[in-house]
Amino acid sequence: MTTVAVKPATMAQALTRALRDAMAADPAVHVMGEDVGTLGGVFRVTDGLAKEFGDDRCTDTPLAEAGILGTAVGMAMYGLRPVVEMQFDAFAYPAFEQLISHVSRMRNRTRGKMPLPITIRVPYGGGIGGVEHHSDSSEAYYMATPGLHVVTPATVADAYGLLRAAIASDDPVVFLEPKRLYWSKDSWNPEDPQSVEPIGRAVVRRSGRSATLITYGPSVPVCLEAAEAAREEGWDLEVVDLRSLVPFDDETVSASVRRTGRAVVVHESGGFGGPGGEIAARVTERCFHHLEAPVLRVAGFDIPYPPPMLERHHLPGVDRILDAVGRLQWEAES
Amino acid sequence: MTTVAVKPATMAQALTRALRDAMAADPAVHVMGEDVGTLGGVFRVTDGLAKEFGDDRCTDTPLAEAGILGTAVGMAMYGLRPVVEMQFDAFAYPAFEQLISHVSRMRNRTRGKMPLPITIRVPYGGGIGGVEHHSDSSEAYYMATPGLHVVTPATVADAYGLLRAAIASDDPVVFLEPKRLYWSKDSWNPEDPQSVEPIGRAVVRRSGRSATLITYGPSVPVCLEAAEAAREEGWDLEVVDLRSLVPFDDETVSASVRRTGRAVVVHESGGFGGPGGEIAARVTERCFHHLEAPVLRVAGFDIPYPPPMLERHHLPGVDRILDAVGRLQWEAES
Amino acid sequence: MTVMEQRGGYRPSPPPAWQPRMDPAPLLPDAEPYRVLGTEAAAKADPDLLRRLYAELVRGRRYNVQATALTKQGRLAVYPSSTGQEACEVAAALALQERDWLFPSYRDTLAAVARGVDPVEALTLLRGDWHTGYDPYEHRVAPLCTPLATQLPHAVGLAHAARLKGDDVVALAMVGDGGSSEGDFHEALNFAAVWQAPVVFLVQNNGFAISVPLAKQTAAPSLAHKAVGYGMPGRLVDGNDAAAVHEVLSDAVRHARAGGGPTLIEAITYRIDAHTNADDATRYRGDSEVETWRGHDPIALLEHELTERGLLDEDGKQAARDAAEAMAADLRERMNQDPVLDPMDLFAHVYAEPTPQLREQQDQLRAELEAESEGSHR
Amino acid sequence: MTVMEQRGGYRPSPPPAWQPRMDPAPLLPDAEPYRVLGTEAAAKADPDLLRRLYAELVRGRRYNVQATALTKQGRLAVYPSSTGQEACEVAAALALQERDWLFPSYRDTLAAVARGVDPVEALTLLRGDWHTGYDPYEHRVAPLCTPLATQLPHAVGLAHAARLKGDDVVALAMVGDGGSSEGDFHEALNFAAVWQAPVVFLVQNNGFAISVPLAKQTAAPSLAHKAVGYGMPGRLVDGNDAAAVHEVLSDAVRHARAGGGPTLIEAITYRIDAHTNADDATRYRGDSEVETWRGHDPIALLEHELTERGLLDEDGKQAARDAAEAMAADLRERMNQDPVLDPMDLFAHVYAEPTPQLREQQDQLRAELEAESEGSHR
Ligand SMILES: Cc1ncc(C[n+]2csc(CCOP(=O)(O)OP(=O)(O)O)c2C)c(N)n1
Ligand SMILES: Cc1ncc(C[n+]2csc(CCOP(=O)(O)OP(=O)(O)O)c2C)c(N)n1
Ligand SMILES: [Mg+2]
Ligand SMILES: [Mg+2]
């Protein structure tokens, strides 16, 4: 990345800016969802858009997620580029039939005649003290649905760049926004054209020699913290931020693991049937003879997301990551 | 298994028998869904139940899957044991919010006070020449949802035994019925009490020394066929039928792979983000030093399920399985 | 401070936010389904239109018969016939302008064909060589939709988008009585009414959802009575009266085009054939019911009217039959040819560009196919 | 053979299957919301009931105020206040018999409390120590439901099951105006009507779904007009008139219990506070609207009526206030105690028996906690 630091902004602000710039650049871009207009969204990500572009470009819909996504399909059929907001992760579930049976398949169904350039923004993940149904990590469902791109930023600059890329994509993109990073701040220059990242490229956030932490979204800062802490233990950890779960950047990930010989996948989503299984399996397929230890996973437990007062026990934290790194069979090395 | 062969029956007949026996044994068992009553279901699995037990015990519902599962939740709250039929895999998607947000979580939400003993029967998978939306393998979604059991039979006897166990379970069970095995026939004795299998136990369908095929549901017969064909190549393949994806029988699977040192996971579901990733990852975690090669996966492609005339290219078949076995780095052995 | 003091005095007014927003009466359907044929209204019907409808009905029936025959010959995997419902199918297509859009359900092959879709391409889904055989943009016909009622919000979104773009386009969405129970039906109608989208919903109430009769599907006085709950007019029409369906649909399309918003139309009709060729209808309904409905056949109704009024003679009938036979012969012939399929197409349209993962799988299949064609079978 | 010959003669009868199944008129709501207070109907109201309602309203308001205060003190994560809507909350609880069931939405803590749920246990979800704090079977109150409208089919299923078992049980389900747009609303009402389940749906139309006003939610004459589309009666009531809400609900409950099937009730009310303490209502509505509604306060309305009729004096008011204060003091005190939490509970109730996988994770967390408590931090 060659972004030039100019002024600090939060991830939420970068997302707003991305929406605004996309709407200004292309009149086909329409934002829609619950409370996205007058209120500016419950996370204020769509703040000011209705005022600037009018209610028809940034629309408060009736309260019905299947209806929101379903009408977005029709709008996309007519040449618009809807950007749909699902208010919280768990409230995207009513729209699953539209997502799986139509959004992901319409291009294929029509031999490319009817692409659906829809961006579905889903605030996801925990760590914000949300009551039940407000902290799910539902990326496993999206990953298992061919025809979707699944993207999630971990930095302010990526939030802007990836959202612009998602809206520009002619394919449907599930854009997962890590709720607890909404207020994370960073310096970043929205005027820099380089800030539009292509979808599908992972990035090494921290270089290291001892082992690779493979992660994305809300767990990226946690892994970077863990990597710092690991120095005390004598481990020099590399941190790969996937940024895009679909398409998956096998090249960057495999190159890292081949270098380090050890890997831990870290995510908030439940472990069983979660993204980590796929990632560990494909890394192992590709790097088997470079591996000193099995690829381990640090994930949320296989339980419904806990109530706020217990969520810290569930979320993968620095200690749990370091424990996993410790189990990477270091004895075998010497 | 100690079932005594008595008379040949199809898997569909065994399922009907299981429903009938469960309804006779417990008046709390209620069957409900689209066309399950008068018609006996589009696959005739509920044939005769409405006649024998009345419309109130086997009910043709309005055409609305979320409503079917949602009302089943309420019925279970009041002490009934609903057995819900989703007419086809893809038509379970409208019920996903009820499934994920309620069915899987109600027990946990209420600290065990409000269990939901609901069985959700889902005919799944392809190979039957079905038009779009009639051949999905959606088990990845269910596996990624904590609080559900996910069960799928591959034999006539298991169809009976596992469905009885599912209905008897105090937890919600997603019961995946391999459509293309509905008409598979086998000798089986429904009177044998042993035929009720506990949920959560995999079974070795064929013993072998060279490598393990880990599979379930519709792919079990394919793997057995592949194992036969493999003898020509000098491979003696073990075939493990998982029967239950959740809970997962790590013991049986790991024991097999430790014995053989090589494994291929086989399923129809798409590979990326599919069950195979989880299975390969956990087998690798547990058997790393016994593995001569990475655990490979033979799965459906990462595409929407193909139209009937092309499905044979998509479905994992004997050749593709043997190709994968061939890539298990046999050179390394000698 | 008591609550009284805190909150100010008592007001005997009704709750301030409440005003009835519109008179519901005009939104309610008439007690009887609207009919034209055999009534005084028939005299006002345009003879050319009636003749056109007749020709299309005859052609449509022939299409249903031919497609069903093709299933028996193994040339079609499955066919959900609309025999008995042709008046709805045909009128739906004819009520639209060229720039309008049709959103058919899985049973509405005929409506697509009547709108201009190639009769063979319309059957691609059911033959099984691909999911949709036609370019939806060519005749502005969305893909035949299998998951019930899910196409309704698409129609609303498209109509809304067209209106936002200033285009004079109406969307007509078709759904069955069973489909009206789905949540998507509700959400689509609600969005349509709130957005005042130019969309018309046509429910073909054919009495059954596969085996489930209407009485197990709804307890409403009629499905058209749902309209008032969204704030749109509900209309009830004899679905076997092609002139009536065409008129009611045309009115609704005109109303929508003029900015009047959506309409819900329930057409009372009957599915004469089984649900599909794979279904056994004797399991859930008696012959006598079917026979009664045969007596209310849409073609017979219109033929009688035309004949009575001297608008149709033997030659006219023969011409309609000949055109239908020609279509059927062409259909037969082309359906008897095996479609040319390229398995590599499986990867071509999943994304605009295949992902690296798909490219690998593409290579794998290509290698397999090459090995296969080289006869180098294992 | 022409189609005519094939199909038999023309029948000028209406489509055979069609008979209007019921007169829709009785299912339609009145044009004006039903009111009791300040009208002649008030004279017929039972004084004891009115006094009971009054006491509950005062207690309910106090509960809302106290819970909101607790959010400011960090003792509650979030609180969606029902201030201004207490008449609906309280009447819903009081219209039910003990054996009946209440299905509250996430805003209806108060209804749960009025039905007997412990005021602290009712706040567990919002405090964040667990998802549901009470045993749903103790007072037959389903868990407060966060995903909107999803509890409605549960209520239908429970009521249906009770009826099948021969039990004399009614379920009352609460939902907001916004929630009425969800597909689950539609499916629940339809199942209820088809099954003639003993269930009552109470929509609190408080004018907003978070920031979205009713006009962007529906174009219907009223939400109660949706009822006819399912074949059940729709009723419109002044939601700030506790006597009216209680009467309409009680009628519907009685009707359901007698086997008459479901009713949809729309109560016109207003959310005086912001959506939750985290919401900024000034972004989407003006003070004057709120002020107008303050003038139609449910407590003030009832207090005036009782006072006018000499059913309430200063002592009576004081007694109500005292009881409310006692409840609030108890709530404050108990909410100021930190809940005792056991992290191992995370695994205890996912399944009847933890899976082998969960047992491993349980062991992992136990080891971590032990390490933590031994101070053996990394
Ligand atoms: C969401 C969904 N659920 C179930 C089905 C299976 N299915 C196909 S047709 C049908 C009955 C449809 O009845 P109706 O809507 O009345 O249309 P008709 O068949 O009478 O034309 C059913 C249940 C489906 N296609 N989609
Ligand atoms: C399925 C679902 N979608 C979105 C939300 C987020 N949400 C919580 S409350 C609310 C507004 C609800 O409005 P209404 O139904 O009128 O109830 P009120 O808040 O006015 O009591 C929304 C959108 C949710 N809880 N569930
Ligand atoms: Mg029908
Ligand atoms: Mg509201």
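The values are calculated or read from the model by the stated rules, or taken from the named source; none is laboratory data. What you see is a predicted model; the values in this text were computed from it and never measured. Cβ coordinates were reconstructed from backbone atoms using ideal geometry, including for glycine residues, and neighbour counts include every protein chain displayed.
Which of the residues that make up segment A:67-92 are within 16 Å of ligand 1 (Cβ to nearest atom) and out of contact with any strand residue (DSSP E or B) (no Cβ under 7 Å at 6 or more places or on another chain)?
Of everything in segment A:67-92, those that are within 16 Å of ligand 1 (Cβ to nearest atom) and out of contact with any strand residue (DSSP E or B) (no Cβ under 7 Å at 6 or more places or on another chain) turn out to be A:67, A:70, A:73.
Quick one: how many residues across segment A:228-244 are under 21 Å from the mean Cα position of the chain (by Cα) and either in a helix (DSSP H, G or I) or on the phi > 0 side of the Ramachandran plot (or both)?
The first filter runs over segment A:228-244 and keeps only residues under 21 Å from the mean Cα position of the chain (by Cα), leaving A:238-244.
Next, only the ones that are either in a helix (DSSP H, G or I) or on the phi > 0 side of the Ramachandran plot (or both) stay: A:243.
Result for segment A:228-244: 1.
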| request: Looking at (1) of a type outside the set (Ser, Thr, Tyr); (2) modelled with pLDDT of 95 or more; (3) not in a strand (DSSP E or B), find the lone condition where residue A:174 falls short. | output: (3)
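In segment A:283-317, what residues are among the hydroxyl-bearing types (Ser, Thr, Tyr) and farther than 11 Å from residue A:268 by Cα?
Step one: filter segment A:283-317 for residues among the hydroxyl-bearing types (Ser, Thr, Tyr), giving A:284, A:305.
Passing the criteria: only A:284.
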| query | If you take the residues in segment D:295-316 that are free of Cβ contacts under 8 Å to residues at least 40 places away in the same chain and assigned to a helix (DSSP H, G or I), which one is nearest to the other protein chains (Cβ to nearest Cβ)? | reply | D:300
| field | Checklist (1) over 30 Å from residue B:307 (Cα atoms); (2) within 13 Å of chain A (Cβ to nearest Cβ) applied to residue B:93, failing item | value | (1)
| How many of the residues making up segment D:65-86 are crowded, with 20+ Cβ neighbours inside 10 Å, in a helix (DSSP H, G or I) and over 15 Å from the mean Cα position of the chain (by Cα)? | 3
| query | What about residue D:45, is it of a type in the set (A, V, I, L, M, F, W, C) and either in contact with a strand residue (DSSP E or B) (Cβ under 9 Å, 6 or more places away or on another chain) or surrounded by 23 or more Cβ atoms within 10 Å (Cβ to Cβ) (or both)? | reply | no
| field | Some residue of segment D:236-246 being at pLDDT 95 or above and either surrounded by fewer than 24 Cβ atoms within 10 Å (Cβ to Cβ) or among the acidic types (Asp, Glu) (or both) | value | yes
| query | Residues in segment D:115-123: is at least one within 14 Å of chain A (Cβ to nearest Cβ), free of Cβ contacts under 8 Å to residues at least 40 places away in the same chain and over 15 Å from the mean Cα position of the chain (by Cα)? | reply | yes
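For segment C:157-175, what are the residues that are part of a helix (DSSP H, G or I), surrounded by fewer than 24 Cβ atoms within 10 Å (Cβ to Cβ) and within 9 Å of another protein chain (Cβ to nearest Cβ)?
Going residue by residue through segment C:157-175, those that are part of a helix (DSSP H, G or I) are C:157-164.
If we keep only those that are surrounded by fewer than 24 Cβ atoms within 10 Å (Cβ to Cβ) too, we end up with C:163-164.
Selection gives C:164 alone.
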| message | Just to be sure I understand, how many residues within segment B:43-58 are touching a His at 6+ places or on another chain (Cβ under 9 Å) and crowded, with 22+ Cβ neighbours inside 10 Å? | response | 1
| Of (1) charged (D, E, K, R); (2) within 23 Å of residue A:306 (Cα to Cα); (3) touching a helix residue (DSSP H, G or I) at 6+ places or on another chain (Cβ under 8 Å), residue A:180 satisfies all except one. Which? | (3)
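Based on this model, can you work out whether residue B:56 counts as within 16 Å of ligand 1 (Cβ to nearest atom) and either among the acidic types (Asp, Glu) or closer than 19 Å to residue B:138 by Cα (or both)? Break it down stepwise before answering.
Details: within 16 Å of ligand 1 (Cβ to nearest atom): no; either among the acidic types (Asp, Glu) or closer than 19 Å to residue B:138 by Cα (or both): yes.
Criteria not met by residue B:56.
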| said: So if I check each of D:192, D:188, D:162, D:173, which one is out of contact with any helix residue (DSSP H, G or I) (no Cβ under 9 Å at 6 or more places or on another chain), more than 16 Å from ligand 1 (Cβ to nearest atom), in the same structural domain as residue D:150 (by TED's automatic domain parsing) and within 25 Å of residue B:81 (Cα to Cα)? | reply: D:162
| said: I'm told residue D:327 meets every condition in (1) within 11 Å of another protein chain (Cβ to nearest Cβ); (2) in contact with a Lys or Arg (Cβ under 7 Å, 6 or more places away or on another chain); (3) within 28 Å of residue D:70 (Cα to Cα); (4) surrounded by 14 or more Cβ atoms within 10 Å (Cβ to Cβ) except one. Can you identify the failing condition by its number? | reply: (1)
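Looking at A:111, A:107, A:121, which one is more than 9 Å from chain B (Cβ to nearest Cβ) and part of a helix (DSSP H, G or I)? Let's see the steps before the verdict.
Working: A:111 fails: part of a helix (DSSP H, G or I); A:121 fails: part of a helix (DSSP H, G or I).
Of the residues listed, the single one that is more than 9 Å from chain B (Cβ to nearest Cβ) and part of a helix (DSSP H, G or I) is A:107.
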| Considering only segment C:92-109, how many residues are within 22 Å of residue C:324 (Cβ to Cβ) and within 16 Å of ligand 1 (Cβ to nearest atom)? | 6
| remark: Checked pairs for segment A:298-313, first more than 9 Å from chain D (Cβ to nearest Cβ), second of a type in the set (Lys, Arg), C-beta under 6 Å and 6 or more apart or across chains, list as A:298/A:320
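Counting just the residues of segment C:176-212 that are in a loop (DSSP other than H, G, I, E, B) and either within 16 Å of ligand 2 (Cβ to nearest atom) or facing another protein chain (nearest Cβ under 7 Å) (or both), which one comes out surrounded by the most Cβ atoms within 10 Å (Cβ to Cβ)? Quick ask: steps written out before the conclusion?
Initial filter on segment C:176-212 (in a loop (DSSP other than H, G, I, E, B)): C:177, C:182, C:196-198, C:206-207, C:210-211.
Keeping just the survivors that are either within 16 Å of ligand 2 (Cβ to nearest atom) or facing another protein chain (nearest Cβ under 7 Å) (or both) gives C:182, C:207, C:210-211.
Working: C:182: 29, C:207: 23, C:210: 22, C:211: 24.
The residue in question is C:182.
Yes or no: residue D:89 more than 16 Å from ligand 1 (Cβ to nearest atom) and either surrounded by fewer than 23 Cβ atoms within 10 Å (Cβ to Cβ) or within 14 Å of chain A (Cβ to nearest Cβ) (or both)?
On the way: more than 16 Å from ligand 1 (Cβ to nearest atom): yes; either surrounded by fewer than 23 Cβ atoms within 10 Å (Cβ to Cβ) or within 14 Å of chain A (Cβ to nearest Cβ) (or both): no.
No, not satisfied.
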